[in-house]
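The values are calculated or read from the model by the stated rules, or taken from the named source; none is laboratory data. Since this is a predicted model, take the numbers as computed values, not measurements. Note: ideal-geometry Cβ built from the backbone for every residue, glycine included; neighbour counts use all protein chains shown. Calculation scope for accessible area: heavy atoms of the full protein, side chains included, ligands and nucleic acids excluded. Shrake-Rupley method; radii C 1.70, N 1.55, O 1.52, S 1.80 Å.
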Amino acid sequence: MVAYSGSVDPVFKALSDPTRRILVEELAERDEQTLFELCVRLMSRHGLEVSRQAVAKHLDVLEQAGLVTIRREGKYRLHSLDRAPLRATWDEWFRPLVTSDDHQTDRQQE
Amino acid sequence: MRINLTSVLVDDQAKALDFYTDVLGFEKKTDFAAGEARWLTVVSPDDPDGVELVLEPDEHPAARPFKQALVADGIPYTSFAVDDVEKEHARLVAAGVEFTQPPTAMGPMTTAVFDDTCGNLIQIASMATS
């Protein structure tokens, strides 16, 4: 068994939903977006028919996984992507698999 | 029946008139006393006989919480058409206007959202150039 630090499960759960993955991609384009902007991006760029309440719930899940930070700038609530959990997930789970010795040995034998 | 007026709820009519004329570039159309407030409208210089924008006091107790909730989520109260959002954004930023959304391609449109300093967010939109 691999000893997980516990940080990868919420990230995988958050990213298991396609709408949330799109939100992450849209937030990667620019920090500090309002709920309105994210809703318009989902509708106009991805043809998604999703209510403002549903988008807010998706953002809550992303925030709980540490992927989205919400900053109150005076009157506005602004959403930004935090890439740290993505890097941690890459370091803890993806990279060891992708760069394992077995994998490299297999390739050398090809 | 035709639509000749639309309105924004503003926290201060004098300040709103300055912003909507001096900064945005609209022109005052009508201005007369109406009770404790003014009946105050502006029009686009490109369409002086077109739809008038009423700068209406937000004195109703429900108006401000409503406006604040829209602003918190970044939702514009209304939208104006411009020829070139990028150019308009550059002009308004130089004039000190604060944007919650810089020009962004949204499907066939390019849009941006700014703060009107009177408690509202306003969207500007043009057809995408590229």
*In region B:1-20, what residues are surrounded by 14 or more Cβ atoms within 10 Å (Cβ to Cβ) and assigned to a loop (DSSP other than H, G, I, E, B)?*
B:Asp11, B:Asp12
*Count of region A:61-103 residues which are in a strand (DSSP E or B) and of a type in the set (Ser, Thr, Tyr)*: 3
*Index of the failed condition, A:Trp90 passing every other in (1) within 13 Å of another protein chain (Cβ to nearest Cβ); (2) among the hydrophobic types (A, V, I, L, M, F, W, C); (3) open to solvent by 50 Å² or more (accessible area, probe 1.4 Å)*: (1)
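Assess whether A:Val61 counts as being more than 22 Å from B:Leu121 (Cα to Cα) and at pLDDT 95 or above.
Working: more than 22 Å from B:Leu121 (Cα to Cα): yes; at pLDDT 95 or above: yes.
So A:Val61 passes the test.
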*asked:* When the residues of region B:72-130 are narrowed to those that are under 24 Å from A:Ala56 (Cα atoms) and either away from chain A (no Cβ under 14 Å) or of a type in the set (Phe, Trp, Tyr) (or both), which ends up least open to solvent (accessible area, probe 1.4 Å)?
replied: B:Phe114
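Restrict the check to region B:60-70 and report whether at least one residue is in a strand (DSSP E or B), open to solvent by 30 Å² or more (accessible area, probe 1.4 Å), within 21 Å of A:Arg77 (Cβ to Cβ) and within 14 Å of chain A (Cβ to nearest Cβ).
No; the residues of region B:60-70 include none that is in a strand (DSSP E or B), open to solvent by 30 Å² or more (accessible area, probe 1.4 Å), within 21 Å of A:Arg77 (Cβ to Cβ) and within 14 Å of chain A (Cβ to nearest Cβ).
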*Report yes if some residue within region B:30-53 is within 14 Å of the chain's Cα centre (by Cα), surrounded by 17 or more Cβ atoms within 10 Å (Cβ to Cβ) and closer than 13 Å to B:Thr117 by Cα; otherwise report no.*
no
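Which one is most open to solvent (accessible area, probe 1.4 Å) among residues in region A:30-54 that are in a helix (DSSP H, G or I) and farther than 16 Å from A:Tyr76 by Cβ?
A:Gln53
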*Out of all the residues in region B:21-38, is one or more in contact (Cβ under 8 Å) with a residue 60 or more places away in the chain and assigned to a strand (DSSP E or B)?*
no
*Any pair with Cβ under 7 angstrom, 6 or more apart, that starts in region B:1-19 at a residue that is without any contact (Cβ under 8 Å) to a residue 40 or more places away in the chain and ends at one that is surrounded by fewer than 17 Cβ atoms within 10 Å (Cβ to Cβ)*: B:Leu17/B:Lys28
*From the list A:Val40, A:Val55, pick out the single residue that is in contact (Cβ under 8 Å) with a residue 12 or more places away in the chain and within 14 Å of chain B (Cβ to nearest Cβ).*
A:Val55
